[in-house]
1. Mind listing whichever residues of region 280-296 are modelled with pLDDT of 95 or more and among the acidic types (Asp, Glu)?
2. Working only within region 228-256, note down all residues that are charged (D, E, K, R) and either closer than 18 Å to Cys179 by Cα or free of Cβ contacts under 8 Å to residues at least 60 places away in the same chain (or both).
3. Answer yes or no as to whether Arg293 is closer than 16 Å to Tyr194 by Cβ and charged (D, E, K, R).
4. Scan region 210-227 residue by residue and report those that are in contact (Cβ under 8 Å) with a residue 60 or more places away in the chain and either in contact with a Cys (Cβ under 9 Å, 6 or more places away or on another chain) or in a helix (DSSP H, G or I) (or both).
5. How many residues are surrounded by 19 or more Cβ atoms within 10 Å (Cβ to Cβ), assigned to a loop (DSSP other than H, G, I, E, B) and small (Gly, Ala, Ser) when one looks only at region 237-296?
6. Quick check: is even one residue across region 108-125 in contact with a Gly (Cβ under 7 Å, 6 or more places away or on another chain), within 21 Å of Ala246 (Cα to Cα) and among the acidic types (Asp, Glu)?
7. Is it fair to say Glu163 is at pLDDT 95 or above, charged (D, E, K, R) and not in a helix (DSSP H, G or I)?
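The values are calculated or read from the model by the stated rules, or taken from the named source; none is laboratory data. Predicted model, so just to flag it, every value in this text is computed and none were measured. Please note: Cβ atoms are built from the backbone with ideal geometry, for glycine as well, and neighbour counts cover all protein chains shown.
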Amino acid sequence: MSPSDATADAVSAPVPDGGPGTRPAPAGGGIAEGTDRSTGWSTDQEDTLDLRLPDELLALFETGQPCSDDTDTDTDSVTAPDAGAGHGQQSWGDTTAPASSLTPADCDLLDGVAEWGPITTPVGVFQLVPLRVERDLALVSCWMNDPAVSAFWELAGPQNVTEDHLRSQLADDGRSVPCLGVLEGAPMSYWEIYRADLDPLARHYPARPHDTGIHLLIGAVTHRGRGLGSTLLRAVADLVLDRRSACARVVAEPDLRNIPSVTAFLNAGFRFSAELDLPAKRAALMIRDRSLRDLP
């Protein structure tokens with residue numbers, strides 16, 4: 001899940017941001033096996049490692065039936081998306097459309113991202129809409145080829161480069177849900193909401209059960225440099241905490257070189273916890289604690 005980030009108010013952070021560095025999907029993004037070389041840990045004694053697998057993951061192993069990504073494998077028919085229309089009859093402006101028309105709600109380990117619904121933010125009504133490759137590939141690929149984004153996500157090139165990354169997210173047994181960020185009816189950002197405690201990232205920091213990670217990039221240049229990164233990061237982190245009662249922390253690992261991204265996380269209420277040596281980058285471990293969410 002980890003593409004590196006691009007600017008955060010330019011936020012191209014998988015503001016998760018992470019950028020490449022944790023998940024196997026993005027170029028240079030797979031986490032290799034090995035010892036934890038992280039340094040600078042927080043002195044918070046609660047940052048301990050729990051190796052017990054969550055019950056929902058064990059259930060997947062028992063049934064042997066991973067979730068389907070429910071995407072169209074016919075990529076020959078992919079065309080550039082129309083900003084005014086979505087999948088089928090779904091309009092991007094219609095944020096109240098049934099979640100079931102977007103993606104299977106019972107196929108993720110994140111408490112049904114497709115059903116989280118729209119939220120009102122200081123910059124307008126915002127919604128995470130689970131991604132569909134046949135509908136969204138051309139748009140996301142275009143964003144990935146922006147130099148400000150590709151410097152950290154490393155997914156520039158023909159559409160199949162982005163497609164491979166997206167399909168790897170969708171085929172990940174529900175541990176990651178890639179989404180478009182739709183603001184006031186228009187898609188303007190790409191997000192990955194993922195189970196950090198079930199991700200290779202967990203080998204590199206003291207993960208806690210149900211830690212939820214965020215990756216983000218803001219696509220349109222016109223939306224960058226205006227503070228949108230911080231505003232939307234705070235809103236989505238609050239959304240995660242509101243919709244996932246078992247989650248006590250939202251985490252991210254932006255590239256340390258991506259100062260705008262790190263700054264956006266800090267302005268969104270995340271705290272800097274540690275520096276992480278990940279296979280593809282040196283990252284800043286950013287954490288938004290449920291217990292501290294009301295602090296400015």
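1. Matches in region 280-296: Asp289 only.
2. Of the residues in region 228-256, the ones charged (D, E, K, R) are 234, 238, 242-244, 249, 253, 255.
Arg234, Asp238, Asp242, Arg243, Arg244, Arg249 - these are the residues of region 228-256 that are charged (D, E, K, R) and either closer than 18 Å to Cys179 by Cα or free of Cβ contacts under 8 Å to residues at least 60 places away in the same chain (or both).
3. In short, no.
4. Residues satisfying the conditions are His210, Thr212, Gly219, Val221.
5. Residues flagged as surrounded by 19 or more Cβ atoms within 10 Å (Cβ to Cβ), assigned to a loop (DSSP other than H, G, I, E, B) and small (Gly, Ala, Ser) within region 237-296 amount to 3.
6. yes
7. Here the answer is no, as Glu163 does not meet what is asked.
Yes/no matrix, rows are residues, columns are (1) of a type in the set (D, E, K, R); (2) outside any loop (DSSP other than H, G, I, E, B); (3) farther than 26 Å from Pro209 by Cβ:
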| residue | (1), (2), (3) |
| --- | --- |
| Asp108 | yes, no, no |
| Asp111 | yes, no, no |
| Ala114 | no, yes, no |
| Gly117 | no, no, no |
| Phe126 | no, yes, yes |
| Asp136 | yes, yes, yes |
| Leu139 | no, yes, yes |
| Ser150 | no, yes, yes |
